[in-house]
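Undergrad: Please see the structure below; I have some questions.
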Amino acid sequence: MKKPTLRVRVARLDAKLRGDVLLIPVLTPKGKVSMKGVNRLPTQLAGRVKELVRRYHGGTKAGGIDGQVMPAGAAFGRAALVGLGEKKPSSADVRNAAGLAMGWCQKHGAERVAVAVEALKEAAGSKAVEWWVEASVLAGFKFTRLRSKMPDKDTSAKDLCLATASAGSKELAAAARRARVVADAVNLARRLGHEPPNVINPVSLANRCRAIAREYKLRCTVLDERAMKAKKMGAFLAVGLGSASKPRMIILEHRGSNPKSRPIVLVGKAVTLDTGGYSIKPGPSIPDMKYDKCGGMAVIGTLAAAATLKIRRRVIGIVGAAENMISAEAYRPGDIVTASNGISIEVLNTDAEGRLVLADCLHYGEKTYKPAAMIDLATLTGACEIALGTTCAGLFSNNDKLAEALTASGERADERVWRLPLWPVYREQIAGVDGDIKNIGGRPAGAITAAMFLKEFVADKTPWAHLDIAGPATTLTAQPYCPVGATGYGVRLLMDYLQKLS
């Protein structure tokens, strides 16, 4: 796998520390710099940024940046005040400010960047260090693997120094490492998400996961179409019938400190290209359907991070990989297929394929591992994006405690979720005529009826949550710490959840 390009380290902020830019996070009430953060700098540095403080014009919003060239012989070529807002900032404020600051550094060709830790803690609290590191690493993501020509010079930062008065702090180093590992896992999910369908298909994804498993010391099992036929996974198999690249169920296992314990099972939809099948999508929509695998990529990234951080809980990742194509062998509207739990499904729309993939994955995960909790992620419905936009995912769950835990993790990780109901009345919309259930329930409540469909494949006794990430899985506009394309949504949320459990 691609190795990180940004080094993160801790060092003492003193006369010996050198760099291209020193970033000083500060509060800016009424557009004026709060001196509390500045006064936490060493005396010599504080004196040299007084003029910058006096004329600060970064505004009052988080992410305002004002910098200046330092005098000849100074330890840093530039110093920059990074505004965090008028009062104690949220985690989103800090992350956005860090991402914007790294972009500012790149514009100025700064490869060695330091951030004044005491000033950051004064403005935003001790947790802000993790938020800052995380966003700084995420801001440097670029998918360039398939380009033949690159810019003459890469001006992105190569070194991020957490400059502190107590460089020997083990707690600070541990926090920075945690943030770094999670951000790297997000970037792994992003890279896989960006790969085109002629590179990543179900078979090549399985091979890629075997390599990832070796690197991160995970256990990897792959079920091919013959194994899936033996397990009667008729719903999952139907989706991939039209493709030359046949479906694969990929299982990654982090054994944790008790390999025999009931695990947390994470299930991810990985449709490597979704044409819609015979219910074909409009032509302009199909190229971006390489991102229909982003739920599965989030599961892969989460398993990589869980293994690296040695999460105590046993975690199983199940990735349902298929390619939804059109051919003489493809499944059709009007077909009736039977899932591995015996439920027959009327296929009214072949573009409602993700729920068919997840149906067999959920049943397999529950039957095989008897999980303590099961969470699935999928770019499942455009209806959820219409309802909630691109800033949060839809959350559906049969367990209030699990739903509350995921909501809290989403708030902390800035990957928000919003819970929607699973009332029995919605089940009526997917009641079958010639089969047990239909794979669509009409336009009204489309995200909810899709979740009701998935609920048919999980026993009520198993705590289960479904995250419809159709909105936040990608972005059409560059964000402070995410370029256009795959966002890696879900990795930070799930890692916060798993770390809290541990």
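Undergrad: So which of 116, 123 ends up being among the hydrophobic types (A, V, I, L, M, F, W, C), touching a strand residue (DSSP E or B) at 6+ places or on another chain (Cβ under 6 Å), farther than 23 Å from residue 18 by Cα and surrounded by 14 or more Cβ atoms within 10 Å (Cβ to Cβ)?
TA: On the way: 116 fails: farther than 23 Å from residue 18 by Cα.
Result: 123 is the single residue among 116, 123 that is among the hydrophobic types (A, V, I, L, M, F, W, C), touching a strand residue (DSSP E or B) at 6+ places or on another chain (Cβ under 6 Å), farther than 23 Å from residue 18 by Cα and surrounded by 14 or more Cβ atoms within 10 Å (Cβ to Cβ).
Undergrad: When segment 50-73 is examined, which residues are found to be among the aliphatic types (A, V, I, L, M) and surrounded by 15 or more Cβ atoms within 10 Å (Cβ to Cβ)?
TA: Residues satisfying the conditions are 52, 53, 62, 65, 70.
Undergrad: Right, here's the next one. Being outside any helix (DSSP H, G or I), on the phi < 0 side of the Ramachandran plot and not assigned by TED's automatic domain parsing to the domain that holds residue 287 is the requirement here; does residue 160 meet it?
TA: Yes, satisfied.
Undergrad: I'd like to verify a number: residues in segment 195-227 that are touching a residue at least 40 places away in the same chain (Cβ under 8 Å) and either surrounded by 23 or more Cβ atoms within 10 Å (Cβ to Cβ) or closer than 27 Å to residue 364 by Cα (or both), how many?
TA: Number satisfying all stated conditions: 15.
Undergrad: May I ask you to list the residues in segment 126-147 that are part of a helix (DSSP H, G or I) and β-branched (Val, Ile, Thr)?
TA: 129, 133, 137
Undergrad: Now for a separate question. Which number in (1) under 24 Å from the mean Cα position of the chain (by Cα); (2) of a type in the set (Asp, Glu); (3) under 25 Å from residue 353 (Cβ atoms) marks the one condition that residue 436 misses?
TA: For residue 436, the exception is condition (1).
Undergrad: List, please: which pairs have Cβ atoms under 9 Å, are six or more places apart or on different chains, and start with a residue in segment 416-442 that is hydrophobic (A, V, I, L, M, F, W, C) and end with one that is assigned to a strand (DSSP E or B) and surrounded by fewer than 16 Cβ atoms within 10 Å (Cβ to Cβ)?
TA: If the second residue must be assigned to a strand (DSSP E or B) and surrounded by fewer than 16 Cβ atoms within 10 Å (Cβ to Cβ), the pairs left are 437/344; 437/431.
Undergrad: Checking residue 469 against (1) crowded, with 23+ Cβ neighbours inside 10 Å; (2) farther than 30 Å from residue 183 by Cβ, which single condition isn't satisfied?
TA: (2)
Undergrad: Right, here's the next one. Kindly list, by first and then second residue, each pair from a residue in segment 396-414 that is in the same structural domain as residue 381 (by TED's automatic domain parsing) to a residue that is among the basic types (Lys, Arg) and in a strand (DSSP E or B), limited to pairs with Cβ atoms under 6 Å and residues at least 6 apart or on different chains.
TA: Cβ pairs passing all conditions: 403/419; 410/416.
Undergrad: Continuing with this model, one more query. Identify all residues within segment 441-477 that are under 17 Å from residue 269 (Cβ atoms), in contact with a strand residue (DSSP E or B) (Cβ under 9 Å, 6 or more places away or on another chain) and assigned to a loop (DSSP other than H, G, I, E, B); write none if there are none.
TA: Listed by number, the residues that qualify are 456, 458, 469, 470, 471, 472, 473.
The values are calculated or read from the model by the stated rules, or taken from the named source; none is laboratory data. None of the values given here were measured: they were computed from a predicted structure. All Cβ positions, glycine included, derive from the backbone under ideal geometry; neighbour counts span all protein chains shown.
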